[in-house]
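The values are calculated or read from the model by the stated rules, or taken from the named source; none is laboratory data. These numbers were taken from a predicted model, which means no experiment stands behind them. Cβ placement follows ideal geometry from the backbone for every residue including glycine, while neighbour counts extend to all protein chains displayed.
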Amino acid sequence: MLNNILLAAAVAIPVTPYCAPILAEEVTSPKPTPAVMTGFVGGLTSEGIPPSLTYTEVAVANNIACRNAARAKFFELGARGMSPSDENAQFGIIGQNHASVWCRENRAFIVVAGESFDTVQEIRKEIRKAF
């Protein structure tokens, strides 16, 4: 029945000068649209700069201490969209940057990605201070 309704609606569309471009075979835009690279942070930035990524690892006592330290630092930095407190991978969004701390046994792996190389390095160093 739904197919019959849709078919009847399609047949009932009036062909007027206003809907002629919709029914045309090929429509070209007067303005070219640039292709955008997709990636971890969403492709190129507004200035055309590729996203930056920084990584480090530090020794920690154990997973629980690592998670607590990472979570406390994320709160201090005003992170949003944070992971649950009982996960070994703690992450959050700090400004326009994505930060993650993966706690594994006696190591903490810190990764920060964002638009500016200087900013991601600064955030990484700040998170590392928590350990």
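Data table
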quantity: Among (1) of a type in the set (Asp, Glu); (2) at pLDDT below 90; (3) not in a loop (DSSP other than H, G, I, E, B), the one test that Glu47 misses; calculated: (3)
quantity: Members of segment 84-131 that are modelled with pLDDT under 90, among the acidic types (Asp, Glu) and surrounded by 14 or more Cβ atoms within 10 Å (Cβ to Cβ); calculated: Glu115
quantity: Selected residue (criterion: surrounded by the fewest Cβ atoms within 10 Å (Cβ to Cβ)) from residues of segment 62-81 that are of a type in the set (A, V, I, L, M) and either in contact with a helix residue (DSSP H, G or I) (Cβ under 6 Å, 6 or more places away or on another chain) or closer than 14 Å to Glu126 by Cα (or both); calculated: Ala72
quantity: Close pairs (7 angstrom Cβ cut-off, 6 or more residues apart or separate chains): in contact (Cβ under 8 Å) with a residue 12 or more places away in the chain in segment 78-96, of a type in the set (Lys, Arg) anywhere; calculated: Ser85/Arg67; Ser85/Arg71; Asn88/Arg67; Asn88/Arg104; Gln90/Arg67; Gln90/Arg71; Gly92/Arg80; Ile93/Arg80
